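J.: Starting off with a structure, shown below.
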Amino acid sequence: MHPSSGGSPAPVGTDPDRPVALHPLVYLEEGDEVTVGRVDTDSYAVLPADGARLVRWLADGLTPRQAARAYEREYGEGVDVADLLAGLDELGFVRTAAEPEPPRPPVRWQRLGRLAFGPPAWACYLLVVALAVAATVRTPDLAPRPANVFFSPYFTVVALVLFVGQFPLILVHEGFHALAGRRLGLPTRLRIGHRLIFIVLETSLDGLVAVPRRRRYLPILAGMLADTVLIAALTLVAAATRQPDGALGGAGKLCLAFAYATLLRLAWQAFLHLRTDLYVLLGTVLGCQDLHATAQGVLRNALRRRTGRPLLDESGRHPADRRAARWYAWLIVGGYAFSLAVFAAGVLPAASRFVTGTLDRLDGRAPTGEFLDSAVFFGLTVLQLGAVAHLALRDRRRRRAASTAADTATADTATDGGTRTPALG
């Protein structure tokens, strides 16, 4: 907290001798910092321990003047309660006299979340994965490979079916995130975003910042668990629908195509530079606030040292971020290398077949059906890239607006990066 500079202990328009009504708040102590927030609105702030103690006094019914005196007795210095109350009001923590306390809406699907991660469910997940591994060892052609994508000779059919069919599988991934959060009583939100050139769905679990750290791990990893179980289940379906001669039928080929696409999404989580679920997990374990941005600063300074340019100031970064960024910066470099490896081994072979096949069919010598198939496929590809470009521009405008707002906000009331859990996707 900042010592007072002799100002009034209460903001203008507030009686310093009357209690201030606050909404129900949650407090999570982690070292010298305390996360304070409203679960119902997903509004949170990280305060020093003495600041959180002051908020608790106000929430317990002390008047601003009484809270200021209690702070001075406890910590031996004055405090500007006016500044604190202004920040709390901006965060939506202060309840006006004309604003009745809204009942906290019940969190739906909480019981289903407990069932989805109870002991019987875990036993089923392990059994499905074990059976799929055994089936793949026994029948190697069930193993994932780029050729599995081409379950049909028509590119448009492949693109449309995989595009549309992926949404239920992605919803299962995000649903596991949501259920793991809701079992803890946390509200969740689903939104559309993009990573590189792909449209993705993301689950917002801002309330995790107010949950003890050890209880955050399952909601963060739940999506990867869902992908693993989905890959295993699709592999088992493909094995069960094989034809009497051992060949894969249409249903089996389709299942393997979806299993391979899901495997690529699972490998995607290791692309730490894209702030994936594994990045969120790593930041949570280390107690970081914005590890990625800090590590990028470390890499920039490493380059500046080599080129003789002045270094960027990193003193304002969180201590945990600065400690971890020294080695995490090289994980970012490794993440780019792994991304290229996955692209070369897992995506490029299928992509090259799409490109060469489309160009061969568009030269005018292919049958009409194949020509139309490739023309439609080309149009769908352009449409997807256009949608991603639109989302990228939208996000860029939002970041600019957020940056402008952050420039005018005080450090005591900031609620970005360090006080929110990144979206899980």
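J.: So, in Å, what gap is there between the alpha-carbon centers of region 205-255 and region 279-331?
T.: Spelled out, the Cα-based centre of one part sits 34 Å from the other.
J.: Moving on to the next point. Please report the projected area of region 239-294's Cα convex hull averaged over all directions, in nm².
T.: Directional mean of the projected Cα hull area for region 239-294 stands at 5.1 nm².
J.: Okay, moving on. Can you pull the percent of region 28-132's accessible area that's carbon plus sulfur, 1.4 Å probe, other chains left in place?
T.: So the carbon and sulfur contribution to the accessible surface is 56 percent.
J.: Another question, then. Checking the a/c ratio against 1.5 first, then a/b against b/c, what shape does the Cα gyration tensor give for region 107-263?
T.: Oblate shape, in that a/c is at least 1.5 and b/c is the bigger or equal ratio.
J.: Let me ask something else. Between the alpha-carbon centers of region 342-358 and region 109-127, tell me the distance in whole angstrom.
T.: Here the answer is 38 Å between Cα centres.
J.: Take each of the peptides 300-309, 124-133, 56-65, average the number of other beta-carbon atoms within 10 Å over its residues, and list them starting from the highest.
T.: Ranked by mean Cβ neighbours within 10 Å, highest first: 56-65, 124-133, 300-309.
J.: Taking 0.36 nm per residue of separation and subtracting the Cα-Cα distance, what length does fully extending residue 313 through residue 18 add?
T.: That works out to 101.8 nm of additional length.
J.: Cα gyration tensor of region 19-65, axes a ≥ b ≥ c as square roots of the eigenvalues: rounded (a/c below 1.5), prolate (a/b > b/c) or oblate?
T.: Judged from the Cα gyration tensor, region 19-65 comes out oblate (a/c at least 1.5, b/c at or above a/b).
J.: Report the gain in length on full extension from residue 353 to residue 333: 0.36 nm times residue separation, minus Cα-Cα distance, nm rounded to one decimal.
T.: 4.3 nm
J.: Using a 1.4 angstrom probe and counting only protein chains, how large is the accessible area of residue 74 in Å², to 10?
T.: Spelled out: residue 74, probe radius 1.4 Å, area about 100 Å².
J.: Suppose every K and R has +1 on its Cβ and every D and E has -1 on its Cβ; what is the size of the dipole of region 239-328 about the Cα centre, in Debye to the nearest 20?
T.: 460
J.: Could I ask something else about it? At 1.4 Å probe size, with the rest of the protein present, what percent of the exposed accessible area of region 207-277 is carbon and sulfur atoms?
T.: 66
The values are calculated or read from the model by the stated rules, or taken from the named source; none is laboratory data. What you see is a predicted model, and the numbers here were worked out from it, not measured in a lab. A quick note on method: Cβ atoms are made from the backbone with ideal geometry, for glycine too, and the neighbour counts reach across all protein chains shown. The area values use the complete protein model at the heavy-atom level, side chains included, leaving out ligands, DNA and RNA. Shrake-Rupley method; radii C 1.70, N 1.55, O 1.52, S 1.80 Å.
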